[in-house]
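*Asks:* The structure follows.
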Amino acid sequence: MAGRELRVQVVYALPERCWTVEVVLPEGARVADALALADLAGVLPQGAVDPARLAVYGRTATLETRLHDRDRVEILRPLLADPKQARRQRARDAAKR
């Protein structure tokens, strides 16, 4: 019996544009396999995926994370600001009003 196929989305988003590539992989595939097949290196700012900035449906993932049918692999952008610092600044600004 042949292995099951997995349909997986690979997503990279910028504020003004989003790239989504659906790939078909064999059962047992990993995040690295999906990224290789999606080939989004040409649209990424540095041309390569930072392994520290990966998620599957918002949960941190590694290149070795196993995938399931209908998973969404997300290539995350670096944070522009520390969320804790941004919240503190908003609280200070609100207190001034």
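Nothing in this text is a laboratory measurement; each read-out follows from the coordinates by a stated rule. Here the structure is a predicted model, which means the values were calculated and not measured. Note that each Cβ is placed from the backbone with ideal geometry, even for glycine, and that neighbours are counted across all protein chains shown.
*Asks:* To the nearest 20 debye, what is the magnitude of the charge dipole of the range 5-96 about its Cα centre, counting +1 on the Cβ of each Lys and Arg and -1 on the Cβ of each Asp and Glu?
*Replies:* 840
*Asks:* Follow-up. Once you order the gyration tensor axes a ≥ b ≥ c over the Cα atoms, which shape class does the range 21-68 get: rounded for a/c under 1.5, otherwise prolate or oblate by comparing a/b with b/c?
*Replies:* It comes out oblate by the Cα gyration axes.
*Asks:* Please report the Cα spread of the range 5-96 along all three principal axes, rounded to whole Å, starting with the longest.
*Replies:* Projected onto the principal axes, the Cα atoms of the range 5-96 cover 57, 24, 19 Å.
*Asks:* Between 0 and 90 degrees, rounded to the nearest ten: what's the tilt of helix 83-96 against the longest Cα principal axis of the chain?
*Replies:* That helix lies at roughly 30 degrees to the long axis.
*Asks:* Compute a Gaussian network model of the chain, connecting alpha carbons closer than 10 Å, and tell me which residue from R17, R66, R53 fluctuates the most.
*Replies:* Answer for the Gaussian network model of the chain: R17.
*Asks:* Positive end of the charge dipole of the chain (Lys, Arg +1 and Asp, Glu -1 on Cβ, about the Cα centre): tell me which of Q89, A55, V8 has its Cα farthest that way.
*Replies:* So the residue furthest toward the plus end is Q89.
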